[in-house]
Amino acid sequence: MKLLVGTLYCGENEYEECVNAIRAQTFQNFDHITFENLPELEAHYSLYGHFLEHADQYDLLIKIDADVVLNSEDLFEGIFKKFTDNPWLEVMNIGVDDFFTGEMIAAGIQVYRNTVRWDFSKDTVFPDVPIMDPERYMYDKTDLAPAAVHCKNPSPYQAFHYGVHRGLKSIQRKHSTSHWSLLNKVWQNFLKVGDRRIGLAVLGAELVYAGEFGREDQNYTQSKMKEVLSQYEGMDAQALEREIRRLRALHWGFLPDDWRRRTIRLIRGRLEGRWDEA
């Protein structure tokens, strides 16, 4: 069994450590390819397209983003065994420890068999989601997990981008509830640990809810996020908390949590055209 390891990189702080952990794997029958500084949708579709074009050469694709640092040198061995022992398995997510929530999250490492397909015609904020039978999917949160650390040492801009990206996901027609819940965990973790970068992630999401960012602004290749972030450079964690609370109060924060989600999803998502095609 040969593996293709794919990494998407846009300046993440963890990239060097990410690559070193991949190279240190005991299972060495793999090729590693990196796509650099592409808009998110183009980057994902370039990776998946490359995998499908070379499906006769690779049995599995392991997607390890540049902000993910593997915990074990034996991870690829474990993945190999999972897919060998379970021939029905086509897609597997492996949980990772997440800096922003302080918990293990499912959106960690994705593994795809070469029989998987994607709809490349979709303009979506969920490009990782393939065309798949749910019965052929596995979320591993015990055996191989936590397989890595997500955003071990993010830059302020990286953290802000994370919040904008997740904020946009949380107002979509589908999958909004899980991403809204995740961002609530980020908010609670910020209140607990007071790390300014976690606060910037929450701020990014709240600015989506305030109507500041649309889907066209989420890519690292766009300049708007940097321009907006520059307005908050002088704020420490306490000042960021005050600003976040102000934004929440102005944008339906007086509503019960799920009512607020539904209201923002309707207004910022559906009515203002930030929804996916499907």
For region 143-179, give me the residue count where each residue is over 28 Å from Val19 (Cβ atoms) and among the basic types (Lys, Arg). 2
Look at Phe99 and say whether it is touching a residue at least 12 places away in the same chain (Cβ under 8 Å), surrounded by fewer than 18 Cβ atoms within 10 Å (Cβ to Cβ), assigned by TED's automatic domain parsing to the domain that holds Phe126 and touching a strand residue (DSSP E or B) at 6+ places or on another chain (Cβ under 8 Å). no
Among residues belonging to region 71-105 that are among the charged types (D, E, K, R) and not in a loop (DSSP other than H, G, I, E, B), point out the one that is farthest from Asn29 (Cα to Cα). Asp98
So, in region 125-156, exactly how many residues are surrounded by fewer than 19 Cβ atoms within 10 Å (Cβ to Cβ) and closer than 17 Å to Asn219 by Cα? 4
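The values are calculated or read from the model by the stated rules, or taken from the named source; none is laboratory data. All of these numbers come straight from a predicted model, not from anything done at the bench. All Cβ positions, glycine included, derive from the backbone under ideal geometry; neighbour counts span all protein chains shown.
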